[in-house]
1. Sort out for me the strands (runs of 3 or more DSSP E) sitting completely within the range 49-147 that have 1 or more residues that are within 16 Å of ligand 1 (Cβ to nearest atom).
2. If residue 45 satisfies every condition in (1) surrounded by 14 or more Cβ atoms within 10 Å (Cβ to Cβ); (2) under 21 Å from residue 101 (Cβ atoms) but one, which is the exception?
3. Select from the range 23-48 the residues that are part of a helix (DSSP H, G or I) and more than 16 Å from ligand 2 (Cβ to nearest atom) and write down the one among them that is farthest from residue 185 (Cα to Cα).
4. Can you spot a residue in the range 109-132 that is closer than 20 Å to residue 186 by Cα and crowded, with 19+ Cβ neighbours inside 10 Å?
5. Write out, first by first residue and then by second, each pair whose Cβ atoms fall under 9 Å of each other, whose residues are 6+ apart or on separate chains, and whose first residue, in the range 16-40, is on the phi > 0 side of the Ramachandran plot and more than 8 Å from ligand 1 (Cβ to nearest atom) while the second is at pLDDT 95 or above and not in a helix (DSSP H, G or I).
6. If residue 161 meets every condition in (1) touching a residue at least 24 places away in the same chain (Cβ under 8 Å); (2) within 17 Å of the chain's Cα centre (by Cα); (3) within 22 Å of residue 26 (Cα to Cα) apart from one, which number is that one?
Ligand SMILES: CSCCC(=O)C(=O)COP(=O)(O)O
Ligand SMILES: [Zn+2]
């Protein structure tokens, strides 16, 4: 608990209220079906202390038990009956791999699941020729982005290790096959922007394929 001396109650409350707002925004979009999804943010820049959603909660509900504080091993830093997300090790793997990462968001949507299945055998999906690619700070003409896709191992340490191996510094997201997407950013704002851009690209692609009657 000594680690917690580096943060104030205000820091913790601010991170909970930020996650609460983000959770509400995503829930309104239907991005947390059937208790799925989890969110985390760094409580203060430079510290390995994170606020994360509690496991198994209905993320469309607002309760006093929605968040807790963990360290970079995923261990709760306060005495609590709450359990951190079952997928906490994925969050900590991303924070450990991406030094300026401040927020990690995970949602299950039909479009991200469909894309992960359609391109799962290839291990990546590539998008190009889309204005929204600029949301990833890729500004050159004909920029493209390749999003890694990993298999959905039930064993979370194994899944976290696979994600760690596949993630690319310049691409702020990884798809898990028939599961969902993990995205991150150097602020909660940029992680949200990345998530919205990925979901836009997935939706567009699925709709285009169905108009072209390819799926
Ligand atoms: C029915 S959701 C299955 C677990 C999952 O994939 C998820 O995103 C939610 O897990 P958590 O422990 O964070 O509630
Ligand atoms: Zn999940």
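1. Values: elements: 49-53, 67-71, 103-107, 124-128.
Here the list reads 49-53, 67-71, 103-107.
2. Only one criterion in (1) surrounded by 14 or more Cβ atoms within 10 Å (Cβ to Cβ); (2) under 21 Å from residue 101 (Cβ atoms) is unmet by residue 45, namely (1).
3. Of all residues in the range 23-48, those part of a helix (DSSP H, G or I) come to 23-28, 33-35.
So of that shortlist, the ones also more than 16 Å from ligand 2 (Cβ to nearest atom) come out as 24-25, 28.
On the way: 24: 19, 25: 17, 28: 21 Å.
Within the range 23-48, the match that is farthest from residue 185 (Cα to Cα) is 28.
4. There is no residue in the range 109-132 that is closer than 20 Å to residue 186 by Cα and crowded, with 19+ Cβ neighbours inside 10 Å.
5. 30/60; 30/109
6. Single failed check for residue 161: (3).
The values are calculated or read from the model by the stated rules, or taken from the named source; none is laboratory data. None of the values given here were measured: they were computed from a predicted structure. A quick note on method: Cβ atoms are made from the backbone with ideal geometry, for glycine too, and the neighbour counts reach across all protein chains shown.
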